[in-house]
Amino acid sequence: MHFRDLNEAQILALAITAEEEDARIYRDFAESLRADFTATAELFSKMAAEEDGHRHRLIDVYRQRFGEHIPLIRRQDVTGFIVRRPSWLAATIAPERARAEAALMEIEARHFYEAAMQRASDAGIRQLLGDLAQEEMQHEATAEAITDAQATSGELGHEHEAARRLFVLRFVQPGLAGLMDGSVSTLAPLFAAAFATMNTVATFKVGLAASVGAGISMGFAEALSDDGKLSGRGAPWIRGVVCGLMTTIGGLGHTFPYLIGNFHLATTVALLVVAVELAVIAWIRKRYMDTPLLSAVFQVVVGGVLVFLAGWLIGAG
């Protein structure tokens with residue numbers, strides 16, 4: 001049905017279902033954030049309670065006007081009505097994303113009540129819908145006030161630090177491990193093949209095979225190493241994909257130069273790419289792992305040089 005074709009009973013039934021769904025979404029947000037972001041979880045618990053209050057008022061009016069039976073009319077049953085994204089898909093939603101999504105939900109709810117009020121002829125129903133539209137507007141201001149209070153108290157600061165730690169655990173660490181493995185471990189077979197064959201096509205095939213094989217191996221190793229439930233490192237398959245992808249990218253970086261037909265030029269470009277890769281790894285270690293820059297450069301460069309020399313000696317021997 002189109003919204004304009006709904007009668008007052010159907011509008012109230014739709015509003016009741018919408019309020020119930022929004023309350024469930026807010027509670028899902030609160031539950032998914034409670035372990036790491038208590039301030040934001042508290043905000044969503046309060047918002048869910050307010051949505052419950054709206055639903056109770058709507059049910060009281062419906063019962064008075066139309067009886068006990070409330071038909072199930074959902075958002076997806078009405079043309080032009082915005083359907084909410086399933087909250088169970090947001091099991092790992094970030095606090096900022098959850099707040100932004102909630103703000104959009106409140107704006108959409110206010111627009112719905114304003115449009116519904118225009119279609120209502122019953123004075124009591126019209127008044128209720130108008131009141132709810134105003135309260136949805138107040139919810140936006142209330143959420144902002146709670147957020148400001150939490151920021152002043154330092155709670156949001158703790159949440160931002162927790163979010164940073166989780167980002168490091170779930171993405172940076174597996175990605176860095178993969179990038180280091182792909183950039184360093186593939187140096188030996190690549191340059192061994194290069195100096196043994198002096199053939200750019202054969203060297204590219206060896207580098208491609210080593211990069212893809214290392215990516216698959218590292219991806220499975222990371223995914224199977226920890227289910228993330230106790231460590232807080234998140235979904236294992238996400239970490240596995242991140243680690244495997246970064247491993248492959250790390251190896252392909254110095255493999256692609258061997259698409260150049262000239263062996264000496266290709267090797268020179270590959271060595272320059274290796275230098276860039278090692279510099280990026282050192283920067284990531286400093287930026288996210290709090291490793292002193294000189295220490296990070298020393299560790300990465302020494303390891304990379306030793307692996308390169310091993311490949312060169314084996315290939316040229």
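Remarks
- Spin-label model distance (nm) - Ser217 vs Thr79, 7 Å beyond Cα toward Cβ: 5.9 nm
- Inter-label distance, Ala209 to Ile260: 2.5 nm, where each label sits 7 Å from its Cα along the C-beta direction.
- Between the C-alpha center of the stretch 237-308 and that of the stretch 8-34 there is a gap of 49 Å.
- Distances between placed amide hydrogens fall under 5 Å for Met198 paired with no residue 5 or more residues away or on another chain.
- On the basis of the beta-carbon distance and an R0 of 30 Å, Ala275 and Ala202 show a calculated FRET efficiency of 0.80.
- Label separation (Arg65 vs Leu313): 8.6 nm, computed from points 7 Å beyond Cα along the C-beta direction.
- Kirkwood estimate for the stretch 3-51, i.e. one over the average of 1/r between Cα atoms, Å: 11.8 Å
Computed from the coordinates by the stated procedures, all read-outs in this text should not be read as laboratory data. Computed from a predicted structure; not experimentally measured. When we count neighbours, we look across all protein chains shown, and the Cβ atoms used for this are built from the backbone with ideal geometry, even at glycine.
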